[in-house]
1. Of all residues in the stretch 116-145, how many are modelled with pLDDT of 95 or more and surrounded by fewer than 18 Cβ atoms within 10 Å (Cβ to Cβ)?
2. Go over the candidates Leu281, Leu238, Leu322, Leu234 one by one and state the one that is among the aliphatic types (A, V, I, L, M), crowded, with 23+ Cβ neighbours inside 10 Å and touching a Gly at 6+ places or on another chain (Cβ under 7 Å).
3. Please find, among Val357, Val268, the residue that is without any contact (Cβ under 8 Å) to a residue 24 or more places away in the chain and more than 21 Å from Leu234 (Cβ to Cβ).
4. Can you tell me which condition Thr64 does not meet? The list is (1) more than 27 Å from Gln364 (Cβ to Cβ); (2) hydroxyl-bearing (Ser, Thr, Tyr); (3) buried (at least 21 other Cβ atoms within 10 Å of the Cβ), and all the others hold.
5. Given (1) in contact with a Pro (Cβ under 9 Å, 6 or more places away or on another chain); (2) in a helix (DSSP H, G or I); (3) among the hydroxyl-bearing types (Ser, Thr, Tyr), identify the lone condition not met by Tyr222.
6. Mind counting the residues in the stretch 327-386 that are under 27 Å from Trp312 (Cα atoms), of a type outside the set (Val, Ile, Thr) and touching a Lys or Arg at 6+ places or on another chain (Cβ under 9 Å)?
7. I'd like the full set of residues that are under 24 Å from Tyr321 (Cβ atoms), buried (at least 16 other Cβ atoms within 10 Å of the Cβ) and hydrophobic (A, V, I, L, M, F, W, C), limited to the stretch 353-377.
8. Got a sec? Which helices (runs of 4 or more DSSP H) wholly within the stretch 266-346 have at least 3 residues that are within 15 Å of Pro256 (Cα to Cα), within 22 Å of the chain's Cα centre (by Cα) and hydrophobic (A, V, I, L, M, F, W, C)?
Amino acid sequence: MDGVTQDGDSVSRRHDGAQRSTSVIAYQPALDGVRALAVAAVLLFHAEVAGFGGGYLGVSVFFTLSGFLITSLLAAEVDTKGSVRLGAFYARRARRLLPASVLLVVLVMVASVTTDWFEGVTDLRAHIVGSLLQVANWVFLLGGGSYQELLQQAAGAASPLEHYWSLAIEEQFYWLWPVAFVGIWKLGRTMRGRLWLLGAVTAVFVVAAPVTAAVWGSDAAYWASPARAAEILLGAFLALAIAGRTVPSGWWVLAPIALTVLLVCIVVFPTSGGPAYAGWLPAIGVASSALLLGLQAASPVRTALSVSPLVWLGKVSYGVYLFHWPIFVVLNSDRVGVDGPLLFVLRIAVTLGVAQVSFTFFEQPIRRASSVGIRPTMGYAAAATVAVIVAAVVVVPGADSDYWSTSDEVTEAAALEIDDTPLLADPASDPASTGPA
């Protein structure tokens, strides 16, 4: 889901006067395995499979993994090149994330005009604009709904873009974090100083999560960016803490312990309410960080998470997350005529097929188009975003402009009242009339 890939290129790192050594932000198959388990938990949750009421915690795992990978790449770049090329970073993120994201929004917009699949979603225009502007979480929060209500809605009234809230939080992080990281790197001067600064920032957002829940409520605790930032920053802190260092082999035990804790939480956390809506999600970030730390050392868990099926699912996890929810909304029991396990299998099969096609023929070719410069990349991204927003405003009705149908009140007000009184008098019935009518 996070769209962060692991670059297998070797990089050279130097730390605080230490001898330069060749280190590698190596491709770690086990991290793709973590992605696979996380997206599987989300799929099982959205499919309402019994025993996975806390499957939404897979999103938290993605957040922490994103912070870890992005910060690892930034630390390597600034340490070897002396600075972070912000333009190049944003261009890479745009090529990786925007194509499939914009494509799905366009498909949803076309379906909303040509079918009745989303006719009950009165705020679809706002959802489209919020998704494209990467502020969907705030749109949903200010819209007055709640994430718990997502699975309680009839399929025809569920927004096909509801899941963009998590993508928005990550994209906001991608915009802000590189600049903040450069500031921390310069102000900290030494690795210890940088860790203290990042630790302090992380601690502030850890506290912000329960405070947000207490002051602004459970919806804000789940959707508001400041309440979820700690989960990402915990991964970032871990990346900076182990940058250029070898993790002791004995720390592998953290992986099975953390994985067990996460699986237990996924099973026991309630769908509505509970710790996740009370500001305790940073604790899930701690468990996810422990898992990532344990996977830096060889272990049976790392081997198990590196098996080919999990690695494959992890590689296409962004597309799986992106396409699964609108597919789930469209393929309901009324439309396809099946229910239960058969419906689940159908939804998963279609989701995996669409994700693989998107990954192979759409996402990867654009992502690998590194010959396209920074300015053209960002220019194309901005132009595509603006064009789809304009199209959405023109063709998709807003919440207060249901112009696909006419209400009874409007029809009654516009109707002509008629009675039996003739518009012209009958001359034969009027003795006073002597001329032609």
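The values are calculated or read from the model by the stated rules, or taken from the named source; none is laboratory data. Bear in mind the structure is a predicted one, so any value in this text is a computation, not a measurement. In this analysis, Cβ positions are derived from the backbone assuming ideal geometry, glycine residues included, and neighbour counts consider all displayed protein chains.
1. Adding up the residues that qualify gives 1.
2. Numbers: Leu281 fails: touching a Gly at 6+ places or on another chain (Cβ under 7 Å); Leu238 fails: touching a Gly at 6+ places or on another chain (Cβ under 7 Å); Leu322 fails: touching a Gly at 6+ places or on another chain (Cβ under 7 Å).
Testing whether each residue is among the aliphatic types (A, V, I, L, M), crowded, with 23+ Cβ neighbours inside 10 Å and touching a Gly at 6+ places or on another chain (Cβ under 7 Å) leaves just Leu234.
3. Values: Val268 fails: without any contact (Cβ under 8 Å) to a residue 24 or more places away in the chain.
Just one listed residue meets the conditions, Val357.
4. (1)
5. Answer for Tyr222: the failing condition is (1).
6. Here the count works out to 8.
7. Passing the criteria: Val354, Ala355, Phe359, Ile366.
8. Details: elements: 281-294, 300-304, 308-315, 317-330, 333-336.
Passing ranges, in order: 281-294.
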